[in-house]
Amino acid sequence: MHTLGTGGGRTLIAIVYHSAYGHTRRQAEAVRSGVQDIDGAEALLVPVENVEQNWDRLMDAEALIFGTPTYMGAASAAFNAFQEATSRAVMSKGYRWKDKLAAGFTNSGTHAGVRIRRRPRD
C-alpha cells in the first residue's frame, strides 16, 4: 500500500467525469477504488452533472482526475460544458486550481479515440 502526504489528515482526490452510457462511470469507479487503496487518501467521485453542488469540495482537493468519453476525437459536450464552467468557478477567482495535481482518462470505441487509416507503403 502507498502512503500519501506528510500530514496526519486525509488527502482528498476528486474524480470528475462524464459518462453517457456507463463506460466512463465504470472507469471512474475503478480510479476511485485505486485511490481508496492509498493510505491517507479520500476519493470524491463527481459526475459533471453534479459539479455545481461540489465546487467547494473540488477546491479542497489536492488532486483532480478528469474522465470523459471520446466522441469524434474530442471530449463529450457535457464534459466540455464542465470545462467552460471552470472559467467562472475557478479561473475568475484567482486560478484556484493552479497548484493542484491533475490527471485524466478517456475511453472510446476505437483505438486512441480516433480511427486512423494508414496509407499503403509504396
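The values are calculated or read from the model by the stated rules, or taken from the named source; none is laboratory data. Remember, predicted model here, so these are calculated numbers, not experimental data. A quick note on method: Cβ atoms are made from the backbone with ideal geometry, for glycine too, and the neighbour counts reach across all protein chains shown. Accessible surface areas use protein heavy atoms only, side chains included; no ligands, DNA or RNA. Shrake-Rupley method; radii C 1.70, N 1.55, O 1.52, S 1.80 Å.
Taking all protein chains as they are arranged and a probe of 1.4 Å, the heavy atoms of Asp39 leave approximately 70 Å² accessible to solvent.
The residues Ser19, Ser92, Ser76, Ser33, sorted by heavy-atom accessible surface at 1.4 Å with ligands and nucleic acids left out, run Ser92, Ser33, Ser19, Ser76 from largest to smallest.
Between Glu49 and Arg10, full extension at 0.36 nm per residue minus the direct alpha carbon distance yields a gain of 11.5 nm. Local charge for His18 was computed over the other residues whose Cβ lies under 10 Å away, with Lys and Arg +1 and Asp and Glu -1, and equals 0.
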